[in-house]
1. Quick test of your reading of the structure: B:Asn288 fulfils all but one of (1) among the polar types (S, T, N, Q); (2) surrounded by 12 or more Cβ atoms within 10 Å (Cβ to Cβ); (3) more than 14 Å from every other protein chain (Cβ to nearest Cβ). Name the failing condition by number.
2. Considering only residues that are touching a residue at least 24 places away in the same chain (Cβ under 8 Å) and of a type in the set (Asp, Glu), look in segment B:224-256 and name the one that is nearest to the other protein chains (Cβ to nearest Cβ).
3. Give me a count of the residues in segment B:42-61 that are part of a loop (DSSP other than H, G, I, E, B) and surrounded by fewer than 22 Cβ atoms within 10 Å (Cβ to Cβ).
4. Please tell me if A:Ala218 is free of Cβ contacts under 8 Å to residues at least 12 places away in the same chain, aliphatic (A, V, I, L, M) and within 14 Å of chain B (Cβ to nearest Cβ).
5. Taking the stated definitions as given, is B:Phe256 among the hydrophobic types (A, V, I, L, M, F, W, C) and under 13 Å from B:Val60 (Cα atoms)?
6. So how many residues does segment B:143-159 have that are farther than 21 Å from A:Val258 by Cβ and either within 14 Å of chain A (Cβ to nearest Cβ) or not in a helix (DSSP H, G or I) (or both)?
7. Specify which of the listed residues (B:Ala204, B:Ala179, B:Ala211) is more than 13 Å from chain A (Cβ to nearest Cβ), free of Cβ contacts under 8 Å to residues at least 60 places away in the same chain and not β-branched (Val, Ile, Thr).
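The values are calculated or read from the model by the stated rules, or taken from the named source; none is laboratory data. Note that the structure is predicted; figures quoted are calculated from it, not measured. Positions of Cβ are backbone-derived with ideal geometry, glycine not excepted, and every protein chain shown enters the neighbour counts.
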Amino acid sequence: MENILEIKNLKVDFATFRGTAHVLDIEDLCVREGEIYGIAGESGSGKSILALSILNLITPPGRIAQGQVIFSGRDLLKLHPREMNGIRGEEIAMIFQDPMASLNPVLTVGQQMVITIRQHRKISAKEAEKEAKRRFEDVKLPDPDTTFKKYPHELSGGMRQRVLIALALSCGAKLLIADEATRALDVTIQAGILDLLRELRKNNGTTILLITNSLGVAAQMCDRVGILYTGKILEEAPVRDIFKKPSHPYTKALIDAVPTANLKDQRLPNIGGFVPDPIDLPAGCTFGPRCPHVMEVCRRTKPERIGIGPDHFASCHLAKKSGDDNG
Amino acid sequence: MHPATSQRKAVMIMAELLKTVNLKKYFPVRGGLFQRPVAWVHALDGVSIQIDEGESLGVVGESGCGKSTLARVITGIYDATSGDILFKGKSIFSKGATHYKSIREDVQIVFQDPYWSLNPRLRVMDILYEPLENSKKYRGVNKAAKARELMELVGLDPEKAGEYPHEFSGGQRQRIAIARALATDPKLLILDEPTSAVDTLSQAQVLNLLADLYRTRNVSYMLISHDLAVVQYICRTIAVMYLGQVVESGRIEDVFENPLHPYTMALFSAIPSISPDNTRERIILEGNVPSAVNPPKGCRFHTRCPEAKPECSNVVPELKDYGNGHSAACIRI
């Protein structure tokens, strides 16, 4: 499969009164055509900044300090703003966490669909309305004709999220960025939305970059998963390897911290400490101060990203290069 | 077995701590010129739950099912519309305001978001001492010493008793909230989504603390959560709520291994497991949770139930016991 998105050496800084906050530092991230790639991380790990920087939507005091975001062969960070506007929505679409905040409360969802569609395509309002209702059907909104005339506040959380997905897909985007798209929803509603995303990938071949703080969602949805911490991808692997053979101590800690029934009456492993201040990141490995296996070298040298198996990468001094085990 | 021992054991198992009887809470929907109630939100509609001494009950359900309202009615934040709450067998409404006040010390609550539930203008020691100020039992207790004791109990550095909440992380703030709830040495701790606002790694620490406190102190839990993994980890009994009613309850292993109510099955099947090999069939519920202003007639779940029959829209199913305290409200079983 070909890479639809490649991110190289991307660094995002935020200028604050206390100093520069280094919130994102992605060495190498590729999303392949037709896959669901998951970015999992705790709050403050830089997940949303990653999504925004792909669309070149970082605004001051933030700035993209360096790097490339290559989408279908073009570096998005070098495009003219007008060209970039053509990419947003038409080729890359995004759905956000809070659907109420992303919809316009004074327009019906149908009007918003028509405006979006006509922004990108020269068709009549009638045709756009037909198209909108067809999209509503795609996302399984009940009774598209009635839904079309409703205002966002008249819809439930799950339905609003479906409207957002319909909006995002209304212009046939190839890459869909879902930034915590199901966080505000109940599990039963979440299950429906996740099912819908899976179907969209299957039927339309839409590539999905799924950003989530839930390891469960990542495990059930993704083909490959990257684990984000302090703006860096500490480990990346196919979904089974991440959960069955985690290599980075942080990934292990995250997985072990999920409570299950079999763990009853056992203590959950305790990783102390906090996510470090992005203004004052520790030298060497940023997880070092909390890592149970920290070594002297971790405090001094930044670990390199090394391949430890097929498609499996980790940035840790303890990780062994593939093939090293036997030699 | 020595007769006295067996008797004591029986007493220990049976000792009921808190019981709600057909508890109802309706909120008015006001409208018109004089803002009179024009409709009622049926937030709790006949909830009967029981927590025994030393037990831990998990209350689960989707948002809007009334689980937080239940916590708030039990703690007296909201008044009940009708029904009764028995604490140690006595109605907390029976003797008027004084008795109601006296159980405040015995029933404490930890709220969901420690960023909102702690007063930002108070030092931690003042936050921890506040519940004691209204209590005769603790008159003359040394404030700093008590704060130190409570902070040690929840694994915080007692040297930080003079700091303000913003100087602590989310997980630590939740520990402060737990310490405050434990200040009056309560018999029942109500935990309203205690870990949903903290990160995975901090959640593990808070859960460890709750499990430790449960083992070492004579305290019962009522844990409200939408995260079934958390409930499974902490609790021994569970009640599943839907639209203001309990649809299924029982020992946690019975309910998880053999869910009886179609809603419980759908809810359990919707939890994303962290095992990527999980091939469990998902039951996707159609439609949305109906409005609690006009709850559906008959079984409240029939509008979304994958196995609904015509009679479900007429007959109100009763909560029936299917053995070992495992009960469910569905006519199909």
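1. Status for B:Asn288: all satisfied but (3).
2. Initial filter on segment B:224-256 (touching a residue at least 24 places away in the same chain (Cβ under 8 Å)): B:224-252, B:254-256.
Those still in the list that are of a type in the set (Asp, Glu) too: B:227, B:248, B:254.
Details: B:Asp227: 8, B:Glu248: 15, B:Asp254: 12 Å.
Checking each candidate, the answer is B:Asp227.
3. Step one: filter segment B:42-61 for residues part of a loop (DSSP other than H, G, I, E, B), giving B:48-49, B:53-55, B:61.
Restricting the remaining residues to those that are surrounded by fewer than 22 Cβ atoms within 10 Å (Cβ to Cβ) gives B:48-49, B:53-55.
Matching residues across segment B:42-61 total 5.
4. Numbers: free of Cβ contacts under 8 Å to residues at least 12 places away in the same chain: no; aliphatic (A, V, I, L, M): yes; within 14 Å of chain B (Cβ to nearest Cβ): yes.
For A:Ala218, the condition - free of Cβ contacts under 8 Å to residues at least 12 places away in the same chain, aliphatic (A, V, I, L, M) and within 14 Å of chain B (Cβ to nearest Cβ) - is not met.
5. Working: among the hydrophobic types (A, V, I, L, M, F, W, C): yes; under 13 Å from B:Val60 (Cα atoms): yes.
Yes.
6. Step one: filter segment B:143-159 for residues farther than 21 Å from A:Val258 by Cβ, giving B:143-154, B:156-159.
Adding the requirement that they be either within 14 Å of chain A (Cβ to nearest Cβ) or not in a helix (DSSP H, G or I) (or both) leaves B:154, B:156-157.
Selection size over segment B:143-159: 3.
7. Working: B:Ala204 fails: more than 13 Å from chain A (Cβ to nearest Cβ); B:Ala211 fails: more than 13 Å from chain A (Cβ to nearest Cβ).
Answer to the check: B:Ala179.
Here's the yes/no breakdown for (1) touching a helix residue (DSSP H, G or I) at 6+ places or on another chain (Cβ under 8 Å); (2) touching a residue at least 12 places away in the same chain (Cβ under 8 Å):
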position: A:Ile58; (1), (2): yes, yes
position: A:Ile64; (1), (2): yes, yes
position: A:Gly73; (1), (2): no, no
position: A:Leu77; (1), (2): no, yes
position: A:His80; (1), (2): no, no
position: A:Met100; (1), (2): yes, yes
position: A:Pro105; (1), (2): yes, yes
